[in-house]
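Okay, structure first, notes after.
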Amino acid sequence: MIRDYPTTPFTDQKPGTSGLRKKVKVFQQPNYAENFVQSVFDVIDGKQGATLVIGGDGRFLNREVIQVAIRIAAAAGFARAIVGRGGILSTPAASNLIRIRGALGGLVLSASHNPGGPDEDFGIKYNIANGGPAPEKVTEALHARTLTIDRWRAVEADDIDLDALGEVKVGEMIVEIVDPVADYAALMEKLFDFPAIRAANLTMAFDAMSAVTGPYAHDILENRLGFAPGTVRNGTPLPDFGGHHPDPNLVHAHELYETMMAPDAPDFGAASDGDGDRNLIIGRHRFVTPSDSLAMLAANAHLAPGYKDGLKGIARSMPTSAAADRVAAKLGIPAYETPTGWKFFGNLLDAGMATICGEESAGTGSDHVREKDGLWAVLLWLNILAATGKSVDTIAREHWAAYGRNYYARHDYEGVESDRADTLMAELRRKLATLPGERFGDLEVETADDFAYHDPTDGSVSRNQGVRVLFVGGSRVVFRLSGTGTSGATLRVYLERFEADAIDGDTTDMLADIVAAADAIAGIVRHTGRTEPDVVT
Ligand code: G6P
Ligand code: ZN
């Protein structure tokens, strides 16, 4: 029996950089999750008889929203829902399942690296048939629908057992509970030389941050690759991630950092985020920035079986350093610069224009799925270490010697009042035209603009994607407001300095002039009242 439930719109269901993210308390309002899920289904075609993938990162509310989504999907006409056991699917594993099972799309329940628990964050993202995040034309239609919705529809059925593998029926729809790891692990075995990694006898520490990658890492790293038991830390997904931010950066994964800087550090250290799409790479005594990691992975990818024929192109988000562009130039392949947000890579990957993509926000991935993929990056690094017999530090230093070094850092000012942050950005945009030629210490502005992206595959244009100020000589500062926060505004300031020869500098020292210039240009202290960033990554 299908039942209609009258409802009224919520005015705050506009998807951000990566789906709808709100406090759990917001999602707990009657009809809130239902409205959003129903709005997704109302704007997509082809549901009759189609397959839908559903899973999430295990955070607080995950199971409840999955049960609801199953009943609404059954009423919307889907023939089959594929759900990860226990409601678990990492974002890249969901992307893979959508692709290999020919699904119409998938619902990924996650707020990524944001904390979880009754007072923290929840999120819902819709991915399309290519396995990637819905493009803006879909999210815009979805947002419009959330503003007019007046009913949601669900089959009347009890909750199902999410922990029992196999098939059950909900209304006319078959719900198939699958092992969340198996298909993903099989894909990784195809892309990477598991026997070589095994034979290299490397030591490793992987911090799953009590989030979704735990089961994946246990199976792939410890069972299939033979890393010692205990290699995977915090390997059980918890609804509140143990009270931590499941954000793999030097602040939130500082224990891993300390392990990797200790005298007896293992060869390789890595961490992933809430939903398993981000990665942090730290070699023994060597932290690798996400921008550098992208460049180094691209330069060495041919060493892994999945990329032995080379890359078609490399794509990076605009605030990501230009290190990858130098690799593309050397390989003689195109480099693409897209706005922040993985969704912008989808078209390039689908068109076969790019093979590897990456973002400064700790995301790296390839055309194997349509999401960034934390464990993929870890395995490609391991494959490279095994194939070369070199340490992360040696690979990094040799890379910089060959290509030069893009010193890089991101300064985040969190929880800034939205009005103040908007004023800062507006003021900055107004002065763009007069910046070129201005001097800040030794730095001279070459160009300044508000980044706009012209998608080469479909001609779509995305404007206002961040203010970039380029200095003569290749240094740069970028200003952008985060699109993923759930309260106030986060100002991100991305700092970059290129040095062809001086590759052994200290990042903080090397960026000091640019930090000062950034404040002079944007009036960060004046607008935010903050003298220091909250997070430096
Ligand atoms: C999510 C997206 C990424 C994006 C990041 C940026 O993680 O999946 O593709 O880079 O958000 O977040 P921001 O907070 O800077 O908008
Ligand atoms: Zn994530």
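FYI, it's all coordinate maths here, none of it is from the lab. Just so it is clear, the model here is predicted, and its values are computed rather than measured. In this analysis, Cβ positions are derived from the backbone assuming ideal geometry, glycine residues included, and neighbour counts consider all displayed protein chains.
Each eigenvalue of the Cα gyration tensor of the chain, multiplied by 5 and square-rooted, gives one semi-axis; in descending order these are 36, 29, 21 Å. Computed with the Debye formula from one identical point scatterer per Cα of segment 66-218, without solvent, the log10 of I(q)/I(0) at q = 0.12 Å⁻¹ comes to -0.62. Placing dummy labels 7 Å off each Cα toward the beta-carbon, the span from Met1 to Asp509 is 7.5 nm. I want to verify the translational diffusion coefficient of segment 184-403 in µm²/s; compute it with Stokes-Einstein, Rh as the Kirkwood radius over Cα pairs, at 37 °C and 0.692 mPa s. This corresponds to a translational diffusion coefficient of 193 µm²/s. The gain in end-to-end length when the Ile100 to Asp309 segment is fully stretched comes to 73.0 nm, 0.36 nm per residue minus the alpha carbon separation.
Per the Cα gyration tensor, segment 1-84 maps to an equivalent ellipsoid with semi-axes of 20, 16, 13 Å, ordered largest to smallest.
Rg of the Cα atoms in segment 205-276, relative to 2.2 N^0.38 Å, amounts to 1.03. Taking the three principal axes of the alpha carbon atoms in segment 249-354, the coordinate ranges are 44, 27, 23 Å, sorted in descending order. Computed over every Cα-Cα pair of segment 130-246 and binned at 5 Å starting from 0, the pair-distance distribution P(r) comes out as 2, 9, 11, 12, 13, 16, 15, 9, 6, 4, 2, 0 percent. Need one number: the % of Cα-Cα pairs in segment 466-507 sitting beyond the 12 Å mark. So the portion of pairs separated by more than 12 Å is 66 percent. For the chain, the longest piece that avoids every one of the trypsin sites (Lys or Arg not before Pro) found in DSSP loops with at most 11 other C-beta atoms within 10 Å covers 1-307. Calculated mean residue ellipticity at 222 nm for the chain: -9000 deg cm²/dmol, from DSSP H runs with n ≥ 4 weighted as -39500 (n - 2.57), summed, divided by the residue count and rounded to 500. Farthest toward the positive end of the dipole of the chain, out of His143, Gly230, Thr17, is the Cα of His143, where the dipole comes from beta carbon charges about the Cα centre.
Within segment 300-416, the percentage of alpha carbon pairs spaced more than 20 angstrom apart rounds to 44%.
For Lys23, the lysines whose Cα falls under 20 Å of its own Cα, not counting residues fewer than eight places away in the same chain, are Lys14, Lys125. With all projection directions averaged, the alpha carbon convex hull of segment 383-537 covers 11.9 nm².
Distance from the C-alpha centroid of segment 244-280 to that of segment 453-488: 27 Å, rounded to the whole angstrom.
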